[in-house]
Amino acid sequence: MPLRDLALGLAVIVIWALNIIVIKLGVAELPPLLLTTLRFALVAGLLVPFHPVARHQLPFLLLLSLTFGSLHFALLFIGLGQAEAGTGALLVQMGTPFATLLAVVFLRERLGPRRLAGLVLSFAGVAVLAGGPTLPSPLPTILLLTSALGWAVSQLLIKRGPDVSPMALAGWVALFATPQVALGSWWFEQGQWQALVEAGWAGWKAVFYTAVMSSIVAYGLWYGLLRRHPVNRVVPLTLLMPVLAVLLGAALMGDSLGPHKLAGGGLVIAGLALIVLRVGLRRPAG
């Protein structure tokens with residue numbers, strides 16, 4: 001890979017790792033579902049007018065908005081509000097093992113000893129994390145793992161669904177997800193208007209960063225790299241994302257770096273390496 005493209009790939013990883021920190025800062029000022037609603041509305045407003053889709057693709061995009069929009073992103077924002085940044089990033093990476101299991105069950109893909117070892121290491125890493133003090137309480141842990149499952153289900157849908165360009169997919173999924181998450185905010189959250197009025201730069205920067213930098217700029221660069229290079233040269237870079245998120249969480253948020261997090265995180269990343277380097281899953285960070 002040319003040095004320029006390698007630098008672009010590393011820039012995407014930094015953007016996605018920082019996205020975890022930004023979400024943490026954002027949900028401190030805005031309720032998580034409200035923040036997710038604003039993020040989706042901005043993505044839809046910036047992309048949908050310029051990326052039309054065929055009418056027969058709309059049911060697929062509506063279904064994907066449920067699994068990728070509401071299930072993955074909404075639960076990610078809620079879960080990260082109650083978890084350390086690095087631990088949350090590691091838990092969300094379990095989407096790759098979940099996707100592997102779902103592909104074996106529903107697509108009849110062959111597992112093989114290497115991917116099986118990767119699955120075992122990944123789930124062992126979560127078990128080690130569970131024995132340490134940095135794992136959040138059961139509810140946010142379940143929410144983050146369910147968010148990872150939503151990502152995994154979405155990957156299978158994308159694999160089997162109609163061919164939609166990445167930017168069109170991001171825009172229309174955001175458009176359909178906006179009212180869903182807004183309804184969730186209205187139903188489960190309180191003080192939205194007051195939060196909007198009192199939100200500082202951290203809250204509004206989080207809306208901008210998660211929508212423009214993480215979703216549009218990073219994904220645009222990432223899929224450009226995938227068009228220019230073989231998947232197995234690009235995807236391994238994603239293994240750096242949880243590592244960087246853990247380090248940024250410790251440096252910027254004061255998260256702990258205890259033995260359970262280091263050992264459990266190492267097992268998760270080793271498991272992901274065995275799965276990703278073998279399968280070449282396109283693992284985005286949100």
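Yes/no per residue for (1) closer than 29 Å to VAL105 by Cα; (2) at pLDDT 95 or above:
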residue: SER147; (1), (2): yes, yes
residue: ALA152; (1), (2): yes, no
residue: GLY161; (1), (2): yes, no
residue: ALA202; (1), (2): no, no
residue: ALA206; (1), (2): no, yes
residue: GLY220; (1), (2): no, no
residue: GLY224; (1), (2): no, no
residue: ARG228; (1), (2): no, no
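Anything in the stretch 25-43 that is part of a helix (DSSP H, G or I) and open to solvent by less than 40 Å² (accessible area, probe 1.4 Å)? List them, or say none.
Across the stretch 25-43, the qualifying residues are GLY26, VAL27, PRO32, LEU33, LEU34, LEU35, THR36, THR37, ARG39, PHE40, VAL43.
List pairs: first residue in the stretch 14-39 and free of Cβ contacts under 8 Å to residues at least 24 places away in the same chain, second residue open to solvent by 20 Å² or more (accessible area, probe 1.4 Å) anywhere in the structure, Cβ distance under 7 angstrom, at least six positions apart or on different chains.
Final answer for the pair search is none.
Taking the stretch 57-105 on its own, how many of its residues are out of contact with any helix residue (DSSP H, G or I) (no Cβ under 8 Å at 6 or more places or on another chain) and within 15 Å of THR178 (Cβ to Cβ)?
Count: 0.
Given the criteria open to solvent by 50 Å² or more (accessible area, probe 1.4 Å), of a type outside the set (Ser, Thr, Tyr) and part of a loop (DSSP other than H, G, I, E, B), does PRO59 qualify?
Spelling it out, it is not the case that PRO59 is open to solvent by 50 Å² or more (accessible area, probe 1.4 Å), of a type outside the set (Ser, Thr, Tyr) and part of a loop (DSSP other than H, G, I, E, B).
Do you know which of the residues in the stretch 1-13 that are of a type in the set (Gly, Ala, Ser) and touching a residue at least 12 places away in the same chain (Cβ under 8 Å) is surrounded by the fewest Cβ atoms within 10 Å (Cβ to Cβ)?
ALA11
Restricting to the stretch 245-277, and then to whatever is of a type in the set (A, V, I, L, M, F, W, C) and out of contact with any helix residue (DSSP H, G or I) (no Cβ under 8 Å at 6 or more places or on another chain), can you tell me which residue is farthest from LEU121 (Cα to Cα)? Walk me through it before giving the result.
Restricting attention to the stretch 245-277, the residues satisfying the condition of being of a type in the set (A, V, I, L, M, F, W, C) are 245-248, 250-253, 257, 262-263, 267-270, 272-277.
Checking the rest, the ones that are also out of contact with any helix residue (DSSP H, G or I) (no Cβ under 8 Å at 6 or more places or on another chain) come to 251, 262.
Numbers: ALA251: 27, LEU262: 14 Å.
Step by step, filter the stretch 245-277, then rank; the result is ALA251.
The values are calculated or read from the model by the stated rules, or taken from the named source; none is laboratory data. No experiment lies behind these values; they were computed from the predicted model shown. In this analysis, Cβ positions are derived from the backbone assuming ideal geometry, glycine residues included, and neighbour counts consider all displayed protein chains. Remember, those area values only see protein heavy atoms, side chains included, never the ligands or the DNA or RNA. Shrake-Rupley method; radii C 1.70, N 1.55, O 1.52, S 1.80 Å.
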